[in-house]
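Here is the structure we will look at, set down as C-alpha cells.
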Amino acid sequence: PLGRFQPPTSNPTPSSCTPQASLQPSIAPARQPLQYQPAAQNVPLGRFQPPVSNSGPSSYAPQASPQPSIAPAPALQAASIPETINWVDLDGAQVQGRLKLLPGNQNIQLQHDRYQGFSKGAIISVAIQKPIYGFHKARFGKMRKKTACLVMSSQDFQTIQRTIHSGAFGTDYSDLGNGFHILWKIPADILYFENYQVDDMQVDVGDYQLYPDNRPFADRLPAQLVAKGQDATKLRIDRKFGPYDPESVHCFAATGEDGQEYTLSGISTGNFFGNFNDPQDDEWKKVMTMLSTLKEYGIDAFLCNSTHHAVIFYAYANDPSAQPTLIRPVDFAKLLQRDERIFQAIKAAANKDMERWRKAYMETFNK
C-alpha cells in the first residue's frame, strides 16, 4: 500500500523538448551509457525493471539564437532503466513516476560553503546508486496530502542530504522501508545536479498566510478572492537554461470565499531582495515603486515577503471603473506578453537579469 510497483508493459518514447534557440552555453556531451543492473531480489517498494521495449533515447540538437531558451532534458543514457514507473499510492491510485536522475557518478554545483572544504559554486561528483524518480501528485509513507515527491534509495537520500545545505529536507521525508525514501520537500539545490531533469512538476514549498506586508488589501477585490490571512500553498515550477543554471517560477493555490480552489500569480522576492529576512531600504523602496506602477497599469498586487517570500499579483482591471478579475498565472503570462510596461516595471525593481524569469514564466504558464 505504500508504493506497490507495477512494471510498465512498454516503454513509451521519452518525452522530448523542442529546443528554443539559444546562445547559452551548450550542454556537455553525453557520457557513456550507465550499466545499471536492477536488484535480483523482490523489492515491492522500488524494484526497477527494464521495460519490454525501448524506443531509444531522446536527442537534442541546439540551435543558435540571441534569445534565452529552456535547456532540454539530457538524453537518457541507460536503456536498461525505464523512463517511467507505476506505483499504487496510499489512496489506492495508480501514479506514474518519471526518471529524474540516473545512477552513477553525477556532478553537482554546491550552493553553500559547508561541504568538506569546498566553496559555494564548486562542482563535485557524488555517487548515485539507483535511479531517482519524481511523481507529480502522489501520497506515500507519512505524507498527509497528495503532492509532488521524489523516490530514491535510502543510501542516495543520505548522500544528497549530506551534500546540499543543512536542513534542506526539513522533516518532509519518510522511510518507505526496503531501502527506499520518499521526499516531498524538494530543495532547489537538487536542480544543480548537472543531469537532473526538470518538467512541469509543481513542487510544494509550503502553506502560509496570504498576509500583506506593505498595506491592507485594496478595496477593488474580485468577489472570489481569498480572504485576508487565508492560507495558500506556494508552488514552484523549475526550468533549466544550462547544466547548473536553473530558473524557478511560482504560483499560489488557495480556497476562495466561495469555497472554490483558485491559483494566484506571483513572483519570488529573491528577485528583489538579497536577503529575504533583511531587505535593504533601497530594495524595499524599489518594490513599493513597482507596486505603485503596476497599479497604474491595472494590476493590484501586494508584498507577502514575511510569509511567502513573494509578491502576489491578485487582480486586474483594464479600466479604473471596471470590476477587477482574479489574475491566474495564465492570465499574468498573457499580460506579460501583451504589455511590455508590466515587465519593465518588474525589471526596474529586480536585483538580477529578469529575461530568463520571463522566458521561464511564459514557457510554464502561457499554454
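Here's the yes/no breakdown for (1) modelled with pLDDT of 95 or more; (2) assigned by TED's automatic domain parsing to the domain that holds Ala188:
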| site | (1), (2) |
| --- | --- |
| Pro68 | no, no |
| Ala79 | no, yes |
| Ala93 | yes, yes |
| Lys100 | yes, yes |
| Arg114 | no, yes |
| Phe135 | yes, yes |
| His165 | no, yes |
| Ser174 | yes, yes |
If you take the residues of segment 329-367 that are more than 21 Å from Phe276 (Cα to Cα) and not in a helix (DSSP H, G or I), which of them is farthest from the chain's Cα centre (by Cα)?
Asp339
Need at least 1 residues that are modelled with pLDDT under 95 and within 26 Å of Gly170 (Cα to Cα) per element, so show me which strands (runs of 3 or more DSSP E) inside segment 180-274 make the cut, counting only ones lying wholly within it.
203-209, 231-240, 246-255, 261-268
Examine segment 303-311 for a residue that is at pLDDT below 95 and assigned to a strand (DSSP E or B), and state whether such a residue exists.
yes
Scanning segment 166-206 for residues that are in contact with a Leu (Cβ under 9 Å, 6 or more places away or on another chain), farther than 17 Å from Phe135 by Cα and not aromatic (Phe, Trp, Tyr), which turns out surrounded by the most Cβ atoms within 10 Å (Cβ to Cβ)?
Asn195
Could you go through segment 305-326 and let me know if any residue there is surrounded by fewer than 17 Cβ atoms within 10 Å (Cβ to Cβ) and closer than 19 Å to Ala253 by Cα.
yes
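The values are calculated or read from the model by the stated rules, or taken from the named source; none is laboratory data. Remember, predicted model here, so these are calculated numbers, not experimental data. Cβ coordinates were reconstructed from backbone atoms using ideal geometry, including for glycine residues, and neighbour counts include every protein chain displayed.
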